[in-house]
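The values are calculated or read from the model by the stated rules, or taken from the named source; none is laboratory data. As the structure is a prediction and not an experimental result, all values here were calculated from the model. Ideal geometry is used to build each Cβ from the backbone, glycine not excepted, and the neighbour counts take in all protein chains shown. For accessibility, only protein heavy atoms count, side chains too; no ligands or nucleic acids. Shrake-Rupley method; radii C 1.70, N 1.55, O 1.52, S 1.80 Å.
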Amino acid sequence: MPDALPPVTLILGGQRSGKSRLAETLIEDAAGGGLYLATAEARDGEMTDRIAHHRARRGPDWETIEEPLDILGQIREHAAPGRPILVDCLTLWLSNLMEAGRDPDAEAEALALGLDGVAGPVVFVSNEVGLGVIPANALARAFVDAAGRINQRLAQRADRVVFTAAGLPLVLKGSPL
């Protein structure tokens, strides 16, 4: 069955690379829709517009839960064999963790280990932020470093890893799309 989702998929890419749309398409092709676990919080007009754009793009077969921190708890609570979960996105989750004073490395490790035995497929979306210039300030460097470690840890755990650029997917690990 070509549309079957592996247990854990990680989709990486830059901002506006098409990674979220690819994740949605994979889930729609496999199950018609699923649970959209959103980590973003609408704290300004621009983010409110981004969230509205993402919501409008998804059809009625999607349920949305907004959870800025406890994504593993939500995954465990809502996972089901015929209902994939899309977590969008890990880098916003990282921002939330840092703001809350939580240890991103410990949280990523707990997430990766906690995915074993989850009842249905999970697709994670994350920005690949380490491809550009080294940031000029310590906080931005800490963010980029932590994002890289989270992506590496989830990529290690994932059954399929896809890098997306200019709307084009490149499978880095696992079965082809």
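Per residue, the solvent-accessible area of the chain (1.4 Å probe, heavy atoms of protein chains only, all protein chains present) comes to 49 Å². Of the labelled figures (1) 15.2, 48; (2) 20.4, 65; (3) 18.6, 66, only one reflects Rg and Dmax of the Cα atoms in Å as derived from the coordinates, namely (1). Taking Cβ atoms as reference points and 9 Å as the exclusive limit, the residues near S20 contribute a net charge of +1, counting Lys and Arg as +1 and Asp and Glu as -1. Averaging the sequence gap over all C-alpha pairs within less than 8 Å and six or more residues apart, then dividing by the number of residues, gives the chain a relative contact order of 35 percent.
Report, to the nearest whole %, how much of the accessible area of the chain belongs to carbon and sulfur atoms, 1.4 Å probe, protein only. Reported share for carbon and sulfur atoms: 55 percent.
Residues of the chain were split at every exposed loop site, defined as trypsin sites (Lys or Arg not before Pro) in a DSSP loop with at most 16 other C-beta atoms within 10 angstrom, and the longest piece left, sites excluded, is 103-177.
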